[in-house]
Amino acid sequence: MNKFLFAILFSMICSGVWAQVSNQPRAALSKQIPPDSLSYLNPREYIIGGITVSGTKFLDKDVLIQISKLNKGDKITIPGEASSNVIKALWDQGLFDDVQLNITRLTLDSVYFDIQITERPRLSRIHLTGIRKGEIEDIQKMLNDKGGKIVNENLLNTTTNIIKKHFNEKGFLNTTVIIKQRKDPADANSVILDVAIDKKQKVKINKITFEGNVAFTPKKLKGYLGKTRERKWYHLFGSKKFMRDKYDEDKQDFTDKLQAKGYRDAEIVSDSVYRHDDKTVDIKIKIYEGPKYYFGKVTFSGNAKYPTAFLNTLLRIKKGDIFSEENLNKRLSGPTANSDDISSLYLNDGYLTYQADPVQTRIYNDTIDVDVRMYEGPQYTINRVLIKGNDVTNDKVILRGLHTKPGQRFSKEAIVRSTRDITQLGNFDEQKTDPKPTNINPQDGTVDIVYNVVEKPSDQIELSGGFGGGQLVGTLGLTFNNFSLRNLFNGKAYRPLPKGDGQKLSLRGQSNGQDYQNYSFTFSEPWLGGKKPIYFALTAYTQLSSNVSSYASTDPNYYHLKINGAGVTLGRQLKWPDDAFQLNYSFNVDHYSLQNYPGYLFKNGTSWNIKLTQEFSRNSLDAPIYPTSGSNLKFTVQVTPPYSLFNNTNYKIATAQERYQFVEYHKWKFESQWFQKIYGKLVLKSQAQFGFMGYYNKDVGQAPFERFKLGGDGMQSYQYLQGSEIIGLRGYKNFSIVPVGSTYTDQNNPGSPIFNKYMLELRHPVIASQSATIFVLAFAEGGNVWNSFSDFAPFNVRRSAGVGARIFLPIFGLLGLDYGYGFDTIPGQPDANKGQFHFSISQSLTGGFN
């Protein structure tokens, strides 16, 4: 009985296996094979006579036969385990929706197989929904390599994981991805994946707890996680969202900060991030502090150039100080804020291959002795200085300003300063200026310096419209910042104008039609003669302002102002107190012609303004567009001849025309800016300005021109050539700040002889690249004007605060938009303060002193 049951069971199993081997009906087989030729109870051995493959569209048939492990001439038992293994081997590839093994022919000793497959569809494209256009583009880039691949579980899982990882790193920890397949109407064997993404909300950090801390309070430890912050209202800086990559960075920094406090053995034992609710997570960190260590004896070995006592003085680490490898390495290898580390000492003295290896020679109780093993190497001199990447700018324009010259001793400080000077040319991407020592030859002690630069567009176009003097004024300006005068008649050098010599050519025109026209020309050469840094500039301008299109002197309402002017400037870089100082002298002649023109101390006549200006300045800013450190100081004195002292005119009874035929005054200004990083990329800009204009003769009094006008965006484009100096004060209308007791408004404001202004501005970059620089800002500022020193009160200022943004585009220059709120009312001008929007264009890259 048991044998009978076993035979039935075996027959059923073999029947199931053979059903997978062949989908041909038994009746079909019986036409080719006698019924007794195959027996599931009595399998027979055959020689494989041939193998074919059917149903393929993309896959290689020979490869599939190889995977099946069926080889012509091999022996195979039918029915048997080998035939079922063929299907299993092919199915495991994950490439098919169906696999069948058919017997196409059977002889007395041979069998012929056909492997019939149905390929899985391939990916035609991925259609993403549920996210923004920019996010779709980012995801598509990550999934570009999936096109044309077999759509299987692995592809679906990989696609899901890539998308989730991308958004998890951005703080979207609960992102869901649903993928559906649909046939591609253009290809029957391809599918489109419809991927629905729901990012959910960014997950924030609810609470961070610590375990194992004894010496450090939880508050102190949380402060060491600079980019991983709890959701608290007082955390103004640093993200409160959980970012896995930022958290991993913080964990490494966290350990370094513990060790920097003397806990040399400190480490994170374990950490966990777990769900608090749908919107937040909790973080738990277990730490091991270990004992606190102190420096013992610090010795030097291998030093020949400088004695140990001097190096110890520079190291500034004494026995008993808290042990910190971070501080030790910084003092040995830099960089330090003031470049007063030992590496700077050696690198600035030519020791390019200097190395210092601090070795902990003895640890006893809580004390660690250290021996600093020095390798000084030879002193190197500069063999060659090369420039690479300057496709437009001539080599000499860059090389002439460098502090690294062939034959000089190698100096790290000189390279840093040279790099800063290259960026201040304005022709190169400061983010990509990369100096590298190369061809270091210890045999003869020489090294080459290569400055790798990337050109950026430096020419600018100004096309704008705005209000000035109650008129709508259009402006067209062209500035070529890398002009070449010597190639002016070289047709091959035009791109569209000759470039490459670092000169500047500016052409500018303004008009509102025939009533107001203003044209100016400026050319400057920073190296006059090409051998010394002598700055030369030539300017010329003309302006016409009237209220009718044709001359109508008989009309009582007619007014007319015409100004012609020209000037020349010479200056040079100083060597003392240091070579960041510049001294410039300018000589300008302006001729005014007025007829019934309001806004000055006289309305009719002509006036000459012949002035000599001396400007003493120091600029140590680290970048022209977005400075993060350094200062910009400027002291200016402007004088005219004291005509009234020698022309024998009685000014007590003189007419306005006689009094102002030759304008006389002396003018003094001090302006200062400081830039400093205060947290991460956040930069503080501090600014203070003061200006005073005096007279030689009290009978003549103050000059009608060159006065200060305060308020607004600070753009001088319309009013500057009319003889007024414009100082911005955001939160107030243009030129609206007037001295206490004054009754005139911004329309008839002649300006004031005294002003001061203070400003604090926080800046943070949004984009910093070759194509654009964008930063946002928040400001608080105050300023005021006075008519005399007896009224001068430097801290009695009109106050304002607000926010804004700056966009630097190489072709347009610096564009600005601010919203300021003025806190102080201006008598007689009820709409001069409170909320004011200000737009600016093509101002100085460093922000100027507006």
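What the table below lists for this structure:
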item: Principal-axis tilt of helix 153-169 within the chain, Cα atoms, nearest 10 degrees; result: 30
item: THR381/ASP265 FRET efficiency (R0 35 Å; Cβ-Cβ; nearest 0.05); result: 0.15
item: For ASP184, residues with placed amide H under 5 Å, excluding near neighbours; result: SER190, VAL191, ILE192
item: Calculated from backbone phi, Karplus (6.51, -1.76, 1.60) coupling profile of the range 590-602 in Hz, x at Gly/Pro; result: 10, 10, 9, 10, 10, 9, 6, 9, x, x, 10, 7, 8
item: Within the range 615-704, trypsin sites (Lys or Arg not before Pro) in DSSP loop having at most 16 other beta-carbon neighbours inside 10 Å; result: LYS652, LYS681, LYS698
item: Candidate lysines for bridging to LYS405, where Cα separation is under 21 Å - those fewer than 8 sequence places away on the same chain excluded; result: LYS388, LYS396, LYS436, LYS531, LYS532, LYS575
item: Where labels lie 7 Å past Cα in the beta-carbon direction, separation of LYS133 and LYS532 in nm; result: 5.8
item: Whole-Å distance, taken between Cα centres, linking the range 645-685 and the range 69-135; result: 90
item: Unit charges on C-beta of K, R, D, E only; dipole of the chain, Debye; result: 740
item: Three principal axis lengths of the chain [C-alpha, angstrom, descending]; result: 148, 81, 61
item: In order through the range 114-124: 3J(HN,Hα) via Karplus (6.51 cos²θ - 1.76 cosθ + 1.60), integer Hz, x for Gly, Pro; result: 10, 8, 9, 10, 10, 5, 5, x, 9, 6, 7
item: Placed amide H near ASP459: partners under 5 Å, 5+ positions off or other chain; result: ASN481
item: The range 496-534: trypsin sites (Lys or Arg not before Pro) falling in loop per DSSP and having at most 13 other Cβ within 10 Å; result: LYS531
item: Residues of the range 501-519 with amide N under 13 Å of a point placed 7 Å along Cα→Cβ from VAL392; result: 501-505
item: Those lysines that a straight Cα-Cα span of less than 18 Å connects to LYS164, excepting residues fewer than 8 apart in one chain; result: LYS133, LYS141, LYS146, LYS180, LYS199, LYS200, LYS202, LYS204, LYS241, LYS246, LYS279
item: Largest-first principal axis extents of the Cα set of the range 460-841 (Å); result: 61, 54, 46
item: Chain lengthening between ASP277 and LYS681 when straightened (0.36 nm per residue, less Cα-Cα); result: 142.2 nm
item: Estimated FRET transfer efficiency (THR107, MET142; beta-carbon r; R0 56 Å; 0.05); result: 0.50
item: Whole-number percent relative contact order across the range 385-452, with pairs defined as alpha carbons under 8 Å at least 6 apart; result: 35
item: Selection of trypsin sites (Lys or Arg not before Pro), the range 117-180, meeting DSSP coil and at most 14 other Cβ within 10 Å; result: ARG132, LYS149
item: Computed over the chain: relative contact order in percent, which uses C-alpha pairs under 8 Å that are six or more apart; result: 5
item: Charge dipole magnitude, Cβ of K and R +1, D and E -1 - the range 385-452, Cα centre, debye nearest 20; result: 200
item: Förster radius 60 Å - calculated FRET efficiency between ASP194 and GLN355, Cβ distance, rounded to 0.05; result: 0.50
item: Extended-chain gain in nm, criterion 0.36 nm per residue less alpha-carbon gap, LEU476 and ASN650; result: 58.0 nm
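Readers should treat all values here as calculations from the given coordinates under stated rules, not as data from a laboratory. Computed from a predicted structure; not experimentally measured. Here Cβ is always computed from backbone atoms with ideal geometry, including for glycine, and neighbour counts include all displayed protein chains.
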